[in-house]
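Asks: Shown below is the structure under consideration.
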Amino acid sequence: MPFVHSLGLGKALTGRLENAGIKTAKELASWNQRELRSISGVGSKSIDKIETALERVGLALAEDPLSPYECVREGRAAWDVRLCSFHLCESCVAEWTVGAFRGEPPVFDASVLSGSCQNCTQVATDLHLAQWLLCGNCERVARSIGRSIAAEQYVAARFEEAFRRSLVELERLDQPVLRAHDAQILERKTPSIDFMILEEGVPIAGIELKTGRSHLGGWAPVGAKMGTFQLDHGDCDDISEVADAEGIVVYLFHAQVIDRAEPPTTRFEAVGLWWIDPFSFSDSYQTSRTRPRETKTAAYYSTDQFRSFEEFEEHWRTGKMASVRQRFGQHGQPPLYR
Ligand SMILES: [Zn+2]
Ligand SMILES: [Zn+2]
């Protein structure tokens, strides 16, 4: 069995290892990276050297049982990766495995429950308790999809109800889906909005839908009132880009979606809907700030010009939407932040 001094690690590194009581290559291979790093003078460069030298004699460093886990969506190890549990129907387990998690099935999967699927929001009798290792960001994205779907279904239902006696209809453009991390980054480069409003088949306005837990006023509101409306500069840019490229007025909608317990699952329930035209939204701009611990900059808006969805059909019927479109035609998309 080769000795450490015959591995060709150089005098200094060999000395450090021998001082730590490591005499043979086999002893060296019983250490893991984290343990080696605590020997003074041993860093990433030394560890690379050691790994190469050990490989030549058919050995490798020990696995660290306390190493950080890899996020299944990104294939990247991080300390905030943890075991996340989801209640999903059969087809959503398959969809996430193939579409979002690089083909990795859940680390735990049991079909035991019936209730509301966290992703597609459908009630299923074969609901799975499925677990994957995810970082904080990917977990947040995964958990937001069901809420967005509930919001989109609510918008579609409210629209159909309000415009049932007209030739106005809603076309869904961007379906919320949990995508692979790389795909999401690519997609960011081609902005899209959530809905198009059509009148007799002709697009008259677009809708970008945001979802949150708080309300924006009105009769018997549920929960807490939103103090200021926040929108990332990136989202503002996407909206403006679509408005410019398509030559279309984009209204911003806010759907309030809350959690309701449906043991053993949680159901998303949409309870309120508000809207604002781009000019009023531009006028509501207050300031921009980078949120603590985040790199994205968010724009902040006052909420008093948001109006309840009950007024949206009237906004169209009385020609106010036509005035907004006319103003847009003359002046183009207003700046959403300054
Ligand atoms: Zn599902
Ligand atoms: Zn991740």
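Asks: What residues have an amide H closer than 5 Å to that of VAL250, excluding those fewer than 5 places away on the same chain, when H is modeled at 1.01 Å from N in the peptide plane?
Replies: Amide H neighbours of VAL250, under 5 Å, 5+ apart: GLY206.
Asks: Could you run the Karplus curve 6.51 cos²θ - 1.76 cosθ + 1.60 with θ = phi - 60° over segment 152-163 and give me ³J(HN,Hα) per residue in whole Hz, x for Gly and Pro?
Replies: 5, 5, 5, 4, 4, 5, 5, 4, 4, 5, 5, 10
Asks: Still on this structure, please answer the following. Tally Lys and Arg at +1 and Asp and Glu at -1 over the other residues with C-beta under 13 Å from the C-beta of SER114: what net charge comes out?
Replies: Numbers: positive: ARG267; negative: GLU90, ASP126, GLU262.
Counting the neighbours of SER114, the net charge comes to -2.
Asks: For the cross-link pairs LYS296/LYS320; LYS26/LYS49; LYS23/LYS45, which exceed 27 Å when the distance is taken from alpha carbon to alpha carbon?
Replies: Numbers: LYS296/LYS320 35 Å; LYS26/LYS49 16 Å; LYS23/LYS45 20 Å.
Cα-Cα > 27 Å for LYS296/LYS320; rest within.
Asks: Let me ask something additional. In whole Hz and in residue order, list the ³J(HN,Hα) couplings for segment 4-10 that follow from phi through the Karplus curve 6.51 cos²θ - 1.76 cosθ + 1.60, θ = phi - 60°; x for Gly and Pro.
Replies: Values per residue, Gly and Pro as x: 4, 6, 9, 8, x, 8, x Hz.
Asks: Another question, then. Which one, LEU54, LEU134, LEU167, has the greatest fluctuation when you compute a Gaussian network model over the chain with C-alpha springs under 10 angstrom?
Replies: LEU54
Asks: Given a cut-off of under 8 Å on Cα pairs at least six residues apart, what relative contact order in percent is computed for segment 70-134? Numbers along the way, then the final one.
Replies: Details: 127 pairs, mean separation 28.1, N = 65.
So the answer I get is 43 percent.
Asks: For the chain, what does -39500 (n - 2.57) per DSSP helix run (n ≥ 4), summed and divided by total residues, give at 222 nm, in deg cm²/dmol to the nearest 500?
Replies: Numbers: 11 runs with 113 residues, N = 338.
Calculated at 222 nm, the ellipticity per residue is -10000 deg cm²/dmol.
Asks: Now for a separate question. Using modelled amide H (1.01 Å from N, peptide plane; none on Pro or chain starts), what sits under 5 Å from the amide H of LEU273, excluding residues fewer than 5 places away?
Replies: When sequence neighbours closer than 5 places are left aside, the close amide H contacts are GLN256, PHE309.
Asks: If you don't mind, another one. Relative contact order for the chain: what percent, with Cα pairs under 8 Å and sequence separation of 6 or more? Intermediate values should be presented prior to the final figure.
Replies: Details: 585 pairs, mean separation 39.2, N = 338.
Computed value for the chain: 12 percent relative contact order.
Asks: Using DSSP to define loop residues, name the chymotrypsin sites (Phe, Trp or Tyr not before Pro) in segment 173-282 whose beta-carbon has at most 13 other beta-carbon atoms within 10 Å.
Replies: Listed in order of number, the matching sites are TRP219.
Asks: A further question follows. Work out from phi, with θ = phi - 60° and the Karplus expression 6.51 cos²θ - 1.76 cosθ + 1.60, the ³J(HN,Hα) of each residue of segment 145-150, listed in order in whole Hz, and give x for Gly and Pro.
Replies: After applying 6.51 cos²θ - 1.76 cosθ + 1.60, I find 5, x, 4, 5, 5, 4 Hz.
Asks: In the chain, what percentage of the DSSP-assigned beta bridges are antiparallel, given to the nearest 5? Walk me through the numbers before you get to the answer.
Replies: Numbers: 50 of 59 bridges.
The answer is about 85 percent antiparallel.
We did not get these values from a lab; they are worked out from the coordinates using the rules stated. What you are looking at is a predicted structure, and each value in this text was computed from that prediction instead of being measured. Ideal geometry is used to build each Cβ from the backbone, glycine not excepted, and the neighbour counts take in all protein chains shown.
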